[in-house]
Every structure is written in structure tokens, then in C-alpha cells.
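> Take this structure first; my questions come after.
Where a number appears in this text, it was derived from the coordinates with a stated rule and is not lab data. Everything numeric in this text was worked out from a predicted model, so none of it was measured. Cβ sites come from the backbone with ideal geometry, for glycine too, and all protein chains shown count toward neighbours.
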Amino acid sequence: MAQTRHPWRQRATVVLVVLVVAPILTVATLWGLTPSVANAKQLVSAHLSAHHSPELVVLPQPDRVAQALIATEDGRFYQTPGIDPLSTARAGLGALIHNGDTGAATLEQQLAKNLYIPQDDGLVAKARVAELALKLDASYSKNDVLRMYLAYVYFGHGYYGLPAAAQGYFGVTAAQLSWPQASMLAGLVQAPSAYDPIDHFSTGRLRQRHVLDRLVASHVLSAGQADAIFAAPLGLQ
């Protein structure tokens with residue numbers, strides 16, 4: 001009697017290898033080939049010194065910018081080990097099907113790229129960034145990752161780091177940022193020049209609205225609170 005073929009099982013096996021086994025083997029292979037991240041804080045400090053920006057020592061309380069950033073850039077930040085398996089799987093499938101990258105980078109991946117591989121977007125570089133992101137997550141607390149990210153990232157208009165951006169755009173400290181101001185700043189990191197609220201106010205406001213919508217979707221704010229925040233004055237200098 002001829003054996004019954006189960007092509008779906010073969011396809012499932014291929015998918016399992018691509019999405020599970022291959023990433024594990026890649027991590028194991030590259031772990032010793034990528035640099036240590038023990039110097040991450042020193043790199044952040046050197047970057048800020050080069051741009052004459054104050055260093056972020058502690059996260060302000062309430063950490064509105066951090067909440068808005070997570071809601072917009074990396075909603076599973078606290079649940080992932082530096083890379084998001086779901087986004088990575090989608091990106092891998094998207095690259096196979098559409099020949100493009102459809103996965104969003106985690107905050108650790110964004111930080112790793114900025115610190116260690118800022119000029120390279122090739123496939124090998126992406127693999128190294130993912131590896132470095134895992135190392136950052138294993139070496140630092142989530143709070144430390146946020147501190148380094150917000151200290152390093154460019155907010156447009158010549159402002160590097162959250163303290164410089166808070167002072168430059170609004171004349172306040174990071175701890176004094178209101179929700180309107182925090183939601184505006186969190187939206188800048190994706191495209192700081194395009195969303196600069198001084199040079200491109202209308203575009204920056206559209207991005208701020210998107211950030212507020214993400215805060216509603218992640219249950220940080222209610223819809224009514226988001227609408228009130230969007231209607232409130234920004235206090236731009």
C-alpha cells in the first residue's frame with residue numbers, strides 16, 4: 001500500500017526550521033563573534049560629550065516620554081529578550097515573500113545599531129544588531145536600556161538626548177515635560193528632521209496624534225485623555 005503524503009507536514013517542518021531552528025543556530029554562532037556590550041554606557045557618554053549634551057542620569061518620574069516611546073516604537077518591550085520573535089518571524093516571511101523587511105526593530109536593536117553598527121544596513125549587519133540587542137538585554141535592565149536610548153537618540157533641531165530636547169524645544173527639564181510635550185518628543189525619534197515641530201509643525205502634530213493613538217491602544221491613556229492632551233498647548237519655545 002502506498003504511503004499517504006502529507007505536504008502540509010513538510011511545509012510545517014520547513015517553517016519550523018526557518019522560524020525557530022535557524023535563529024537559534026545563528027545566535028549560537030554569532031554570540032562569540034559580536035563584541036561585548038560592556039562599554040555601552042561609556043559609548044553613550046562619549047556621544048553626548050561630542051554633542052555637548054547633558055547626560056540622562058535617571059528616568060524622570062512620571063516617565064511619560066518612555067511610556068509614549070514604548071507604546072509607539074516597541075509595544076512588547078518588557079516582554080521580549082531584546083528582539084521580538086513575532087516581529088522577527090514576520091520580517092523573515094516578509095523578506096521571503098515580498099523581498100523586503102517588514103519587521104519593526106526593538107528599542108534594544110535600535111540602540112545596538114546606533115552604538116555599534118550605525119552605517120551598515122546589510123543582512124549581516126542586521127544579524128549582528130539582533131545579536132547585540134540580545135546582549136544588551138542580558139547585560140542591562142530594561143530601565144538602563146531606556147536611559148541609554150533616551151540619552152543617545154537624536155530628537156531633531158540639533159538636540160541629542162532627552163534633556164537637551166526638553167530644554168531646547170520647551171525650556172523645561174525632562175521631569176517637567178507635560179503629556180503634550182512628551183508625546184511630541186516620543187514621535188520625533190522615528191524621523192527627527194521630518195517631524196521637527198519647529199520647522200515642520202503640521203507634520204509633527206500628525207505624528208503626535210499617532211503617538212497618542214498608540215497610548216490609547218496600549219491602555220496608558222483613555223481616548224478622552226488623548227483628545228484633551230492633543231488639544232492642550234505645547235509650549236514650544
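> Can you give the local net charge around D74? Use residues other than it whose beta-carbon is closer than 14 angstrom to its beta-carbon, Lys and Arg +1, Asp and Glu -1.
Charge balance near D74 sits at 0.
> Label points 7 Å out from Cα along the Cβ direction at T203 and D144: separation in nm?
Distance between the two pseudo-spin positions: 3.7 nm.
> Starting with the highest mean, order 71-77, 192-198 by the number of other Cβ atoms within 10 Å, averaged over the residues of each peptide.
The packing order, highest mean first, is 71-77, 192-198.
> Next question. Please order S218, S36 by the number of other Cβ within 10 Å, starting at the fewest.
So the residues, fewest neighbours to most, are S36, S218.
> Answer with one residue from Y159, S202, M148: the one whose Cα lies farthest towards the positive end of the charge dipole of region 139-237, charges on Cβ with Lys, Arg +1 and Asp, Glu -1.
M148
> Going by average Cβ density within 10 Å per residue, which order do the peptides 64-70, 137-143 take, highest to lowest?
Packing order, densest peptide first, comes out as 64-70, 137-143.
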